[in-house]
Each structure stands twice: as structure tokens, then as C-alpha cells.
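What follows is a set of notes on a single structure, which appears directly below.
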Amino acid sequence: MTDDLENPGQWRDTVQTRLGKLEATVGEQARLRAAMDEDLSKLRVDHKLLQSLHIIQQDHTKRLTRLEVGMGEVTQRLGAVEGRLENVEGRLGAVERTLTMVHVGVDAIKDLLTRNINQENPES
């Protein structure tokens, strides 16, 4: 300490240099703390956003599952309808064949009647 008192100018320069470094360090630490606070704030926002997306994804998954189940039921019912439609088509085919035979029979009857009428009335 006696040296400090003997050369106060040098002591003052040393203290000022150290104080300047200390002020610079404090300023840098304050800047870093502010940046860290900003980063933490962004992380909180990002975390809330991720939570919201998670909730929405869960809701969409539930809805999609219900749609898939419903679609499976629709597919089963459609298969049953297709089977019934094939049965109806088969019956319609049988009806068409029967109608064709009826038309052929009616035409045959008309021909026979026409011949009988022509044979009974030869002058016509």
C-alpha cells in the first residue's frame, strides 16, 4: 500500500483500467441476461405453440379415427347393398326372359289367329 501512496497517478490509472474492465464486463453480462430473458420468452411462446399443436393433433386424430370407423361401416353396408342389387339384377334377368317368352307366345297366338281368320274368310 505504501507503493500506491508513493505513486498515486499509476495507482489511479490501474484503478481506472480495472474499473473500465469491470464496467465493460457488467455491461456485457447485462446484455447477455437481456438476451437470455428474450430467448426464454421465445421458448415459452414456442412451448405454448407446441402444446396447442399437440392438443389440435390429438383432436384431429380422434376425429380421423371416428371417420375411419364410420367409413368401415359404410363400406360394409355398401357391400350388403351390392349383394342385394346383384340379387335384384338376377331376378330382373329372369323376368326379362319370361317376358320375352310371353311376347314370343303372344306373337305365335296372333299368327295362329290370323291364319284361322284367313282360312275362315278366304275372300279377304
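The values are calculated or read from the model by the stated rules, or taken from the named source; none is laboratory data. Quick caveat, the model's predicted, so the values are computed rather than measured. Ideal geometry is used to build each Cβ from the backbone, glycine not excepted, and the neighbour counts take in all protein chains shown.
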Only one of ASN116, ASN121 that is modelled with pLDDT under 95 and surrounded by 10 or more Cβ atoms within 10 Å (Cβ to Cβ): ASN116
Just to be sure, is VAL45 among the aliphatic types (A, V, I, L, M) and at pLDDT 95 or above? no
